[in-house]
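Heads up, the thing below is written out as structure tokens.
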């Protein structure tokens, strides 16, 4: 009986010792789970991967399109490629339709979008932007022989060739013009050339590109709006590190004349300011 009691006491003591050694304790060198580790910033990821994945259309001339050889080119492509070069990474373009571009950025298919994305308050609520690399202005176009129209206020009572639902048609109406419906910019220019309409309003980039392609066209820009619509690189919210780095590269390109050189290559003048 005494032996049984003694054996039971020994077992209890041993169990107590074992319990003290394991209850609630963790080794001091335990590695935290991966999801508790500090998140890698987008800029760090881009530099680690040595590539910048850029979403773009590839069908929007002269900003992002394919030349006769099939190579992707354009103003936005040149600007984004130069920025990537200054970050020390390779630009990798992923082409998609405009409607799918925002979803592609949201799903992390791209690091950034370069596709003449206008900086607007509704977009700024959801996305981060770099500093602008181009500005679009409303311009007034007439026949080269026209000497009476010099400002937007001069189009009252005149015929303006415009797409009926465009913002430019609204501007023309607000200045008292009679709207003549056209299917697009080229038709409006044809009507101006033949003096069947007096003026047309559009954005300066479209007109500059047209004049770059057709320098002998019988049209001219006679007025430009004071405020421009800025265009910038677009990022997911929380990508300020990459946005800041790309903005810094754009600043350098502005200061050393590279951005102006790219602008003049595609439009014949500096559209970056």
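One residue stands out among those in region 85-101 that are part of a helix (DSSP H, G or I) and in contact (Cβ under 8 Å) with a residue 12 or more places away in the chain: the one that is surrounded by the most Cβ atoms within 10 Å (Cβ to Cβ), which is 101.
Would you say residue 245 is touching a residue at least 40 places away in the same chain (Cβ under 8 Å), buried (at least 16 other Cβ atoms within 10 Å of the Cβ) and over 30 Å from residue 142 (Cα atoms)? For residue 245, the condition - touching a residue at least 40 places away in the same chain (Cβ under 8 Å), buried (at least 16 other Cβ atoms within 10 Å of the Cβ) and over 30 Å from residue 142 (Cα atoms) - is met. Residue 164 passes all but one of (1) within 15 Å of residue 232 (Cβ to Cβ); (2) assigned to a loop (DSSP other than H, G, I, E, B); which number fails? Going through (1) within 15 Å of residue 232 (Cβ to Cβ); (2) assigned to a loop (DSSP other than H, G, I, E, B) one by one, residue 164 breaks only (1). Please work out which residue is modelled with the lowest pLDDT, limiting yourself to region 120-132 and to residues that are surrounded by fewer than 17 Cβ atoms within 10 Å (Cβ to Cβ) and in a loop (DSSP other than H, G, I, E, B). Residue satisfying both the conditions and the ranking: 120.
Strands (runs of 3 or more DSSP E) fully within region 184-273 that include at least 1 residues being at pLDDT 95 or above and farther than 20 Å from residue 117 by Cα: 199-203, 219-224.
Every residue, every condition in (1) touching a helix residue (DSSP H, G or I) at 6+ places or on another chain (Cβ under 7 Å); (2) at pLDDT below 95, yes or no:
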{"site": "158", "(1), (2)": "no, no"}
{"site": "162", "(1), (2)": "yes, no"}
{"site": "166", "(1), (2)": "no, yes"}
{"site": "172", "(1), (2)": "yes, no"}
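The residue that is farthest from the chain's Cα centre (by Cα), among those in region 133-144 that are closer than 22 Å to residue 200 by Cβ and assigned to a loop (DSSP other than H, G, I, E, B), is 144.
The values are calculated or read from the model by the stated rules, or taken from the named source; none is laboratory data. Here the structure is a predicted model, which is why all the values come from computation and not from measurement. No Cβ is skipped: glycine too gets one built from the backbone with ideal geometry, and neighbour counts run over all protein chains shown.
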